[in-house]
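Structure record follows, encoded as C-alpha cells.
Just so it is clear, none of the values below were taken in a lab; they were calculated from the coordinates. Predicted model only: the values in this text are computed from it and were never measured.
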Amino acid sequence: MAQPLTVLRATLEIASGNASSISHYQRAVDNSLIEVSRLAEAMGFVQQLLRIATDASLSAPIELPAVVEAIEEDLRCVFEAARVWLDISWEERLVRIQASASRLRQCLFYLLQHAIRSTCEGDTIHLRAQPTEDGVQVVISSDSPHVHFRELSCSDCLQWNDVAPYLTLAAALARADGGRLQWRDHPFVVALWLPAARDGASG
C-alpha cells in the first residue's frame with residue numbers, strides 16, 4: 001500500500017504548490033483517483049488474506065468433482081463474456097480429498113479467474129484432476145502463450161512487486177488445508193495439490 005500512498009501524496013503536493021490551470025488540477029484529481037482505487041484494492045487484498053488466516057472452517061472428506069462442477073456453474077457467464085472455453089476432465093475414481101469445501105471452491109474460483117485474464121479470446125483453459133500417491137493434483141493450463149493479453153482494469157490483476165493477488169490468495173487457501181500451489185506464467189500453468197481424505201475413502 002506504500003506505493004499508491006506515496007504517488008498520491010506527491011501528486012497532491014505538486015498540484016497544491018505548482019498547479020497553474022484548471023486542467024492541471026483536473027489531471028491531479030484524475031491521477032489521485034487512480035491511486036486511491038489502487039489503495040482500496042490493496043486494502044481489500046490484505047483483508048482477504050486476514051480472512052483466510054482466521055477462517056475457522058473445518059476440513060472434511062469431500063468429492064472434488066462436485067466442487068469443480070459448482071465452480072463451473074458460478075463462472076459460466078464470465079467464461080462466455082470472455083469468449084474463453086473451459087475443458088474439464090478427471091479420472092473416474094479420484095480419492096476424496098481432505099479440505100474445506102468453501103475454501104477449495106474459493107481457491108479454484110481465484111485460479112480460474114486468473115487463468116481467464118491470462119488468455120486470449122477463443123482460447124481454451126484446461127482443468128485436469130489426477131490422483132497422486134497421497135492425494136489429488138489439479139492442473140489448470142491455458143492454450144495461449146500470451147500473458148495478460150487482455151486489457152485489464154485495476155481490480156482485474158494487480159501486481160505489487162511481482163505478487164499476483166489471485167494466485168497469492170489461492171495459495172493461502174490451499175495451505176490452510178495442507179495443500180500446496182505452484183505456477184508459471186509463460187504460458188500460464190498452475191498445479192494445486194491437496195491431501196487425500198484421512199478416512200481413505202474413494203469417490
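A few remarks follow.
- Fully extended contour minus Cα-Cα distance, from Ala191 to Ser102, at 0.36 nm per residue: 30.1 nm
- Amide proton proximity set for Ile88, modelled H, under 5 Å, gap of 5+: Leu127
- Net length gained if the chain between Arg175 and Ala56 were fully extended (0.36 nm per residue, minus Cα distance): 41.5 nm
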